[in-house]
Amino acid sequence: MLNKRLFWKNVVGVKNNILAEELDEHSLIWHLKKGDQVIGEGDTVTEIPFIVSGVLKAVYKDEFGKNRVYCFGYIPGETATSISSLKAGVKAACTIVAVKECTLVCVSLDYLVELVKSNIEVAKIYNRMLSLSLKRGIEHEKTIASYDIRRRYKWFTEVYPGLAEQVSKKDIASYLHMAPESFSRILKENL
């Protein structure tokens, strides 16, 4: 059985034992099956899930109504939300779906907002996660804008080692902004 207190301490990086106990008391464990949705694009966010295990994808509808993969989540301790700010009433920018079985530890958004305001340790963890998310977004944008499709796939395998075996080829192609046919050709070339 998952020990939430140890998850907060060892995985998320909470150093204060009292804070880890408090987070343990205020959190729930979610188990998802492949295809389960965490939240839908445009829904009001009430819970902030943190990844324990598994793989998630964030998708959004483009201007033509087609689903596009925005990112993947699989690193334990990362949040599994698609929000631009931590405030009450914030809407999810993407739909979050389990690519395979997942376990998440969730805390209420309201509780987390209060912790970020009142606890410097939680504020630092939040800022670290926000910075990492921004860095990944910028790297992805630069890759899509600067590299040809072969180099995009190479970048993907370097930045996300082992993930190509866990997610669909269609989702990788969407994430890398390439047609599935082009992606299939690249895979054949790399055999």
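The values are calculated or read from the model by the stated rules, or taken from the named source; none is laboratory data. Bear in mind the structure is a predicted one, so any value in this text is a computation, not a measurement. Cβ atoms come from the backbone with ideal geometry, glycine included; neighbour counts cover every protein chain shown.
Scanning the stretch 124-150 for residues that are closer than 26 Å to D43 by Cβ and touching a helix residue (DSSP H, G or I) at 6+ places or on another chain (Cβ under 7 Å) turns up I125, Y126.
Among residues of the stretch 40-63 being assigned to a strand (DSSP E or B) and closer than 25 Å to L6 by Cβ, the one that is farthest from the chain's Cα centre (by Cα) is E47.
Out of the residues in the stretch 17-39 meeting the condition of being β-branched (V, I, T) and either farther than 12 Å from A98 by Cβ or free of Cβ contacts under 8 Å to residues at least 24 places away in the same chain (or both), tell me which one is surrounded by the most Cβ atoms within 10 Å (Cβ to Cβ). Full working, then the answer.
Step one: of the stretch 17-39, the residues β-branched (V, I, T) are 18, 29, 38-39.
Within this subset, residues satisfying the condition of being either farther than 12 Å from A98 by Cβ or free of Cβ contacts under 8 Å to residues at least 24 places away in the same chain (or both) are 18, 29.
Working: I18: 8, I29: 14.
Checking each candidate, the answer is I29.
Residues in the stretch 64-84 that are part of a loop (DSSP other than H, G, I, E, B), surrounded by 19 or more Cβ atoms within 10 Å (Cβ to Cβ) and at pLDDT 90 or above: 1 in all. Of the residues making up the stretch 109-123, those that are under 15 Å from A20 (Cβ atoms) and under 22 Å from the mean Cα position of the chain (by Cα) number 5.
Taking the numbered list (1) at pLDDT 90 or above; (2) touching a strand residue (DSSP E or B) at 6+ places or on another chain (Cβ under 7 Å); (3) part of a loop (DSSP other than H, G, I, E, B); (4) more than 18 Å from L134 (Cα to Cα) in turn, G89 passes all entries but (1). Scan the stretch 138-191 for residues that are farther than 24 Å from Y74 by Cα, among the acidic types (D, E), without any contact (Cβ under 8 Å) to a residue 24 or more places away in the chain and in a helix (DSSP H, G or I) and the total you get is 1. From the set of residues in the stretch 95-119 that are without any contact (Cβ under 8 Å) to a residue 60 or more places away in the chain and in contact with a Gly (Cβ under 9 Å, 6 or more places away or on another chain), which is nearest to E25 (Cα to Cα)? The extreme case among them is I96. State whether the residues of the stretch 3-12 include one that is buried (at least 18 other Cβ atoms within 10 Å of the Cβ), in a strand (DSSP E or B) and touching a helix residue (DSSP H, G or I) at 6+ places or on another chain (Cβ under 9 Å). No, because not a single residue in the stretch 3-12 is buried (at least 18 other Cβ atoms within 10 Å of the Cβ), in a strand (DSSP E or B) and touching a helix residue (DSSP H, G or I) at 6+ places or on another chain (Cβ under 9 Å).
Filtered by the rule that a residue be among the hydrophobic types (A, V, I, L, M, F, W, C) and over 16 Å from E158 (Cβ atoms), the stretch 172-186 gives A173, M178, A179, F183. Just one of the listed residues (S168, S108, S133) is surrounded by 14 or more Cβ atoms within 10 Å (Cβ to Cβ), under 15 Å from Y70 (Cα atoms), polar (S, T, N, Q) and out of contact with any Cys (no Cβ under 6 Å at 6 or more places or on another chain), and it is S133.
The set of residues from the stretch 129-165 being of a type outside the set (D, E, K, R) and touching a strand residue (DSSP E or B) at 6+ places or on another chain (Cβ under 9 Å) comprises M129, S133, G137, H140, Y160, L163. Taken over the stretch 131-180, the criterion of being modelled with pLDDT of 90 or more, polar (S, T, N, Q) and within 20 Å of V59 (Cβ to Cβ) is satisfied by T143, Q166, S168, S174.
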